[in-house]
1. For segment A:254-270, state which residues have at least 40 Å² less accessible area in the presence of all protein chains than in their chain by itself, taking the probe as 1.4 Å and leaving out ligands, DNA and RNA.
2. Per-residue counts of other Cβ atoms within 10 Å, averaged by peptide: what ranking do you get for B:31-41, B:306-316, highest first?
3. Just to be sure I understand the model, the point goes 7 Å from the Cα along the line to the Cβ. What's the resulting residue A:65 to residue A:82 distance in nm?
4. If the label for residue A:189 sits 7 angstrom from Cα along the Cα-to-Cβ line, what are its distances to the same label in every other copy, in nm to one decimal, shortest first?
5. As a test of the definition: with a 1.4 Å probe, what buried accessible area, both sides summed, do you compute for B against A, in Å² to the nearest 100?
6. Where the centroid of each part is defined by its Cα atoms, how far is segment A:95-130 from segment B:114-150 in Å?
7. With every protein chain left in place and a probe of 1.4 Å, what is the accessible surface of residue B:301, to the nearest 10 Å²?
8. Give me the accessible area of residue A:93, 1.4 Å probe, in Å² rounded to the nearest 10.
Protein chains: 2
Amino acid sequence: MKIFKFFPIFLFFIVFSCVSSTKNEYLEGQNLPKFAIAIHGGAGTILKTQMSDSLEAAYIEILSKAVTAGHDILSTGGSALDAVGVSINILEDSPLFNAGKGAVFTHDQTNELDASIMDGATLNAGAVAGVMHIKNPIDLARSVMDNSPHVFMYGEGAEAFAKDQGFNMVEQDYFYTQARYDHLMRVKATEEQNSTLFEKEMLPNNPAEMFFDPILKASKYGTVGCVALDQNGNLAAGTSTGGMTNKQFGRIGDAPVIGAGTYANNQSCAVSATGWGEYFIRGVVAHDISAMMQYGGFDLEQSTSTVIDKKIPELGGDGGVIAMDKHGNISMRFNTPGMYRAQIDTNGLLKVGIYKSDTLLTK
Amino acid sequence: MKIFKFFPIFLFFIVFSCVSSTKNEYLEGQNLPKFAIAIHGGAGTILKTQMSDSLEAAYIEILSKAVTAGHDILSTGGSALDAVGVSINILEDSPLFNAGKGAVFTHDQTNELDASIMDGATLNAGAVAGVMHIKNPIDLARSVMDNSPHVFMYGEGAEAFAKDQGFNMVEQDYFYTQARYDHLMRVKATEEQNSTLFEKEMLPNNPAEMFFDPILKASKYGTVGCVALDQNGNLAAGTSTGGMTNKQFGRIGDAPVIGAGTYANNQSCAVSATGWGEYFIRGVVAHDISAMMQYGGFDLEQSTSTVIDKKIPELGGDGGVIAMDKHGNISMRFNTPGMYRAQIDTNGLLKVGIYKSDTLLTK
C-alpha cells in the first residue's frame, strides 16, 4: 500500500493533540446538566501503512455509530450504565473488534469472552469471564450486577445464570471470523517455530516474554470499552473482550477484573482499559487511575499519563485506557501505535481516532 | 455452653488493643534487617459463646504452627513469597479453615477453590479460581506467577497448566469434611424455606440481601491469608479460599482477584483480605488500602481502618484484612465479631487471636 492513498483522508483530520484531552468547558451562560461519552475498540500495533482506505472507513463508521448510540441515550436523560451497554453492544456485534462477533481464538480454537461493567454512583459491578455462548457478554455482566447476589461469574456457571435470566445462547460458530482464525494459525506457526527458544531460554526467567514476538504482540489487543457521564452526574464504565489470540484455555485477562480493566466511581472517574491484560491486572490499572485522583489530587490526564506512559511500560506491558472524570473531561491515553477510539464531549462534538499521530477526526 | 468454662482461658490472654496494631520499633542499638509475618484464617461470626475449649485450643495451635513455619523461613533469610506459601499451606491442609482441605461446598455440592499471591518487589502476581483437584491452590497461584505467561487462570484451564507443571491432582473427596457438608445442608434448607421471600421481594431490589440470612452470613467466610516482610525488605501477600457456602457454580470471589483480596507493593504494603467477596471486589479493597498509603499519605492503620470500618460497611459488606507495611508494622482490622489471626512481629513476638474483644494471646 502506498502512502499517497491517504492524503485525502488526512485533509479531513483535525489534529487536536498527540494524545487527546478534551477539557470540559461550561456552556456559555448556561449551567445545563453535562453529559459525555467515550469508547475504545482496542489499542495495539495499528499502523496507517497497514490499513486500507475501506477498512479505515469501516472503523470510523462503526466507531461513530457506537458512540452516537450511547450519546443518544444520554441526551434523552438515560443512564450512563445504559449508554455504556448500548455502545458496547454495537462494538460487540461488529466483526471488526475483538469482542462478541469477531472475538479472537484461544489456543484450543474456541472463543472465550469476558466483560465487566461498573456503576460509579453505587459502586455496583458485574463481570463474566470465559463465557462461550453469550452474544453480548456486556449484557450478561449487567445482569450479574442487577440480578445476582454475585459480582463475578465464570464459564458454565455464568451461562447457567444467563439461561435463568432468559438470555439466548448462541453456538460457538457465531463468533467465527476467517480473519481471526487465520490469525490464530499464524500465531501458532510462529509459536511452534520459536518453541525451543521459548522453553529453553525465556520461560525460566520471564515467561511473559514469549509474547514479545511481534505477531503475538499485534494480536493481544482488541478489547472494546466505554465510559460515560449522564445528566444525573453518574459515571459508568464497561469493557468487553475476546481476550488474547492463542491464550491458554482458562486464562482470565484484565477486562472482567473490576479495578484492572474496568472501574467507575463518581468521586473520581470512570475507566475502561485495553492492553496486555497480565500487566493491567498487576497494575490494578483502572483503580490506580481513580486512586491517584481521589487520594493524590492528580487530575484525570496526570493520572492516566502516569499509569499508561510510566507505570505499565516500567512493568513491561503496553496498552491504553479511556477515562472520564465527573465533569465529563475525557482522557484517551495509550502507549501503542494506535487505539480505535471515539468520543462525544460535553459540547456535543464527535471525534474519532485510530492512529497516534493524527489522533482525532471531527465529524 | 456456659461462659464460666472460658475463665481459665481468659487468664492466658493479654489484651493488647481492640484491633491490634503493633508499631514497629528498631531493635535497641542495632539496625538488623527486620522481618515479620501475619496470617488470618477468616473473619466472620466467630463467638466465644459458640466455641468449645478444645476447638479453641485447636485453632490457636494451628494458627501458631502456621505463622511460626513462615517465620522460620524469614529468619533464615528466605523470601516473603516463600514464607507466605508455607504458612498458607499449613492452613490449607487443616480442615478447620475454608481453604484446601475443609473448603466449603458450592450449591452443586462441589468444592471450588481460589487463591492468589503477589510479590511486592516486582508486582508479579499469580491467581487461580474454580480449581477442583488442587490440594494447595496457593502453590498453583505461585506457579502461574513463576512459570506461565498469564496471571489469572480458571478451572480446567488452570488444572491443565497444573498437570503440565507436575502438580498431583486430588479427587474431590479429598476436600470433604462432614462439618462443611452439614453446613451446606443447613444453608440450603434455610434457602428453600425463604425462597419465596427471596424471589418475590428481595431479588429485584437488592439481590445481595439474600445473604443477610444469619445462617448464610456465618458461612460466608473462612478464607486464609498471609502477609510477610523478608530481610531483603520485600513484601508479599497471599490468599486461599474455598469461597462461599452454597455459592453458585462459577462464582468468583475476591480471594483470587489481585487488588481485591490480595495486593503487595514494596512502596506501600501487603494485604490479604477475608470477607464478603462481592463487596471486597467492588471496593478493590487490597489496592485501595495500598493507594491510600501511597497517594494519600495515610499510615497503615488509618488506611485499613478507613476501608474496613467505613467504606465496606457503607457498601453493605463486612469482613477484615491483615496488612503489613514496609517497616513490618502489622494491622489486623475487621468489622465482624471475630477473625482467626496470628502474627510474629519484628521483635519476634508471637500473638494469636480469635475474637474481637480479647484480641491477642501472647505465647
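1. A:258
2. Packing proxy ranking, top to bottom: B:31-41, B:306-316.
3. Distance between label points: 2.2 nm.
4. Residue A:189 label point versus its equivalents elsewhere: 6.4 nm.
5. Buried surface at the B/A interface: approximately 3800 Å².
6. Segment A:95-130 and segment B:114-150 have Cα centres spaced 22 Å from each other.
7. Only protein atoms counted, so the area is about 30 Å².
8. 70
The values are calculated or read from the model by the stated rules, or taken from the named source; none is laboratory data. Predicted, not measured: the structure shown is a model, and the values here were computed from it. Every residue, glycine as well, gets a Cβ built from its backbone with ideal geometry; the counts of neighbours run over all protein chains shown. Areas reflect the complete protein model, heavy atoms only, side chains present, ligands, DNA and RNA absent. Shrake-Rupley method; radii C 1.70, N 1.55, O 1.52, S 1.80 Å.
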